[in-house]
1. May I ask for the net charge around Gln108, where only other residues with Cβ less than 13 Å from the Cβ of Gln108 are counted and Lys, Arg are +1 while Asp, Glu are -1?
2. Mind putting a number on the dipole of segment 36-116 about its Cα centre? Charges go on the C-beta only, +1 for Lys and Arg and -1 for Asp and Glu, and I need it in Debye to the nearest 20.
3. For segment 70-78, what does the Karplus curve 6.51 cos²θ - 1.76 cosθ + 1.60, with θ = phi - 60°, yield as ³J(HN,Hα) per residue in whole Hz, taken in order and with x for Gly and Pro?
4. Which whole-number percent is the relative contact order of segment 36-116 (Cα, under 8 Å, 6+ apart)?
5. Can you pull the one-decimal nm distance between simple spin-label points at Ala35 and Val50, each 7 Å off the Cα toward Cβ?
6. Could you tell me which of Leu96, Phe44, Gly72 has its Cα farthest along the dipole of segment 36-116 towards the positive end, charges placed at Cβ (Lys, Arg +1; Asp, Glu -1), taken about the Cα centre?
7. Let me know the shape class of segment 36-116, please: from the alpha-carbon gyration tensor, a ≥ b ≥ c as square roots of the eigenvalues, rounded when a/c is under 1.5, otherwise prolate if a/b is greater than b/c, or oblate.
8. Taking amide H positions as placed in the peptide plane 1.01 Å from N, state which residues far from Lys60 in sequence (5 or more) or on other chains have amide H under 5 Å from it.
Amino acid sequence: MVNRILKMGMVILGAVALIGIGALAKEKSGAANSAAVGRGKTVFQQKCSVCHYDNSDQKKIGPGLKGISKRGTFTVNGNKVTEENLKTWIENGDQLMPPFKEVLEPNQIKDVIAYVKTL
């Protein structure tokens, strides 16, 4: 009986520990994502805002990006908005947008994507 109670206590303690670790990991992830969004906003303002609005869906030189994640598709080609598609578009550009693969570091591109997803 005592062994059973001890085992049950260990199981409960282990479960509580896992929940706590998960909560800490989520908190750190949220803080890291928040930092990425902040860095992405800075890069966006320096490199992207010349052609794109971040506070409007109206066209500037390129399309306004406000609400792009909610729209779910790119206005230019109708492709689905995913992190991978955003990365490809930013890196390679197209006939209307220059490529930024040689202009931005890979982490800067990730940060810009994190920011654009919040618009």
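1. Details: positive: Arg39, Lys41, Lys47, Lys87, Lys101, Lys110; negative: Glu91, Glu102, Glu105, Asp111.
Surrounding charge for Gln108 is +2.
2. On the way: 12 positive and 9 negative charges, 58 e Å.
Its charge dipole is roughly 280 debye.
3. Per residue, the Karplus-derived 3J(HN,Hα) values read 5, 4, x, 9, 6, 5, 6, 10, x Hz.
4. Details: 103 pairs, mean separation 30.7, N = 81.
Relative contact order, segment 36-116: 38 percent.
5. Result for the modelled spin labels: 2.9 nm.
6. Checking the options against the dipole of segment 36-116, the answer is Gly72.
7. Values: a/c = 1.29, a/b = 1.20, b/c = 1.08.
Rounded, since a/c falls under 1.5.
8. Answer set, sorted by chain and number: Tyr53.
Quick note: the coordinates plus some simple rules give every number you see, no bench work behind them. Everything numeric in this text was worked out from a predicted model, so none of it was measured. Every residue, glycine among them, receives a Cβ derived from its backbone with ideal geometry; neighbour counts consider all protein chains shown.
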